[in-house]
Amino acid sequence: RDPFCSEVKPRILLMGLRRSGKSSIQKVVFHKMSPNETLFLESTNKICREDVSNSSFVSFQIWDFPGQIDFFDPTFDYEMIFRGTGALIFVIDSQDDYVEALSRLHLTVTRAYKVNPDINFEVFIHKVDGLSDDHKIEKQRDIHKRANDDLADAGLERIHLSFYLTSIYDHSIFEAFSKVVQKLIPQLPTLENLLNIFISNSGIEKAFLFDVVSKIYIATDSSPVDMQTYELCCDMIDVVIDISCIYGLSEDVAGSPYDKESMAIIHLNNTTVMYLKEVTKFLALVCFLREESFERKGLIDYNFHCFKKAIEEVFDLRLKVQRNRKLLSQR
Ligand code: GDP
């Protein structure tokens with residue numbers, strides 16, 4: 001029994017003008033494509049490109065603009081889609097003229113808000129790899145101001161937009177995605193708390209809970225995150241999956257490179273140990289600790305066992321509450 005059924009998955013919609021970078025983001029974050037390969041991605045003309053991933057903690061869809069989505073087309077049930085959406089990511093190409101993108105953003109956000117005021121609106125100011133630091137800040141300020149002015153002119157100041165500077169050429173896209181996903185997890189404070197208890201009882205310095213496929217971290221303990229640590233975790237997950245794909249799968253059984261047995265230990269050259277272990281079908285725990293602390297691996301594994309059980313209960317409980325609510329509303 002897997003507590004992570006579709007009901008608890010955060011649902012995300014990725015929108016933006018054609019060529020703003022949506023497919024590239026999807027391929028890089030969810031399909032391990034290297035950023036350079038996205039140069040050869042073909043643009044598709046489908047109305048709605050759907051990718052409800054079976055392999056990730058997150059499920060999401062991509063919509064293209066302009067032209068393809070006509071909010072006045074009666075056959076296109078955008079209301080239903082907005083209703084089931086937790087976050088709407090709007091991608092703006094920062095290397096291009098963004099007047100058209102801003103007007104699309106405004107139209108989309110106002111429509112979506114009418115249908116579902118609980119959606120989180122997340123704006124990715126994308127392809128910032130080509131910009132200097134000063135330029136980045138300036139672009140962000142300008143886009144932020146114009147988008148909010150448009151909302152104020154329409155009397156919709158209460159709509160909140162969050163902004164992120166992103167690029168597929170570094171970890172900024174993963175970091176932004178992590179923040180977007182974390183906002184959609186109501187159990188986040190509980191997860192943080194469990195991680196805090198786990199690390200303080202085990203002599204661990206830092207721990208992340210990762211969605212393995214996307215390398216989005218869905219929670220971490222309350223000590224600050226530094227980018228280098230996060231990048232090391234991403235590299236470790238890549239190494240584990242690559243090695244498993246090459247040497248871990250038997251040829252006759254169609255298996256997954258990530259399963260219940262998945263775990264890895266890496267000793268770095270500065271007396272730090274990285275420890276990765278499977279938590280659920282989609283999630284892995286990645287920890288940083290000193291070599292001395294790792295000598296008590298038995299204790300760590302026992303604490304991990306308790307942690308894993310608690311995580312399962314947290315998500316299972318939520319599911320039960322949802323089911324009961326559904327039953328009640330059907331009566
Ligand atoms: P879509 O139509 O919105 O799905 O856009 P695509 O994903 O097809 O991307 C259009 C182009 O933008 C491709 O050539 C990508 O290589 C490029 N691109 C996407 N993301 C980035 C980025 O972060 N930085 C840069 N420099 N180029 C990007």
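The values are calculated or read from the model by the stated rules, or taken from the named source; none is laboratory data. These numbers come from a predicted model, not from an experiment. Virtual Cβ from ideal backbone geometry, glycine too; neighbours counted across all protein chains shown. When the accessible area is computed, the model is the full protein with side chains, heavy atoms only, and any ligands, DNA or RNA have been set aside. Shrake-Rupley method; radii C 1.70, N 1.55, O 1.52, S 1.80 Å.
Just a few scattered comments:
- Every condition in (1) open to solvent by 60 Å² or more (accessible area, probe 1.4 Å); (2) in contact with a Lys or Arg (Cβ under 7 Å, 6 or more places away or on another chain) is met by Tyr247 except one, and the failing one is (2).
- Taken over the stretch 77-113, the residue count meeting the criterion of being without any contact (Cβ under 8 Å) to a residue 40 or more places away in the chain, within 24 Å of Gln182 (Cα to Cα) and open to solvent by 40 Å² or more (accessible area, probe 1.4 Å) is 2.
- Counting only helices (runs of 4 or more DSSP H) that sit wholly inside the stretch 187-297, those with at least 3 residues that are at pLDDT below 95 and more than 19 Å from Phe307 (Cβ to Cβ) are 227-243.
- Being assigned to a loop (DSSP other than H, G, I, E, B), within 20 Å of the chain's Cα centre (by Cα) and touching a residue at least 12 places away in the same chain (Cβ under 8 Å) is a property that does not hold for Ile173.
- Qualifying residue in the stretch 121-133 (condition: open to solvent by 50 Å² or more (accessible area, probe 1.4 Å), without any contact (Cβ under 8 Å) to a residue 40 or more places away in the chain and farther than 14 Å from Asp93 by Cβ): yes
- Taking every residue in the stretch 29-51 that is of a type in the set (Gly, Ala, Ser) and within 8 Å of the ligand (Cβ to nearest atom) and pairing it with any residue that is at pLDDT 80 or above and not in a helix (DSSP H, G or I), at least 6 positions away or on another chain, the pairs with Cβ-Cβ distances below 8 Å are Ser43/Arg18; Ser43/Arg19.
- Residue that is farthest from the ligand (Cβ to nearest atom) [pool: residues in the stretch 153-182 that are of a type in the set (A, V, I, L, M) and open to solvent by 40 Å² or more (accessible area, probe 1.4 Å)]: Ala154
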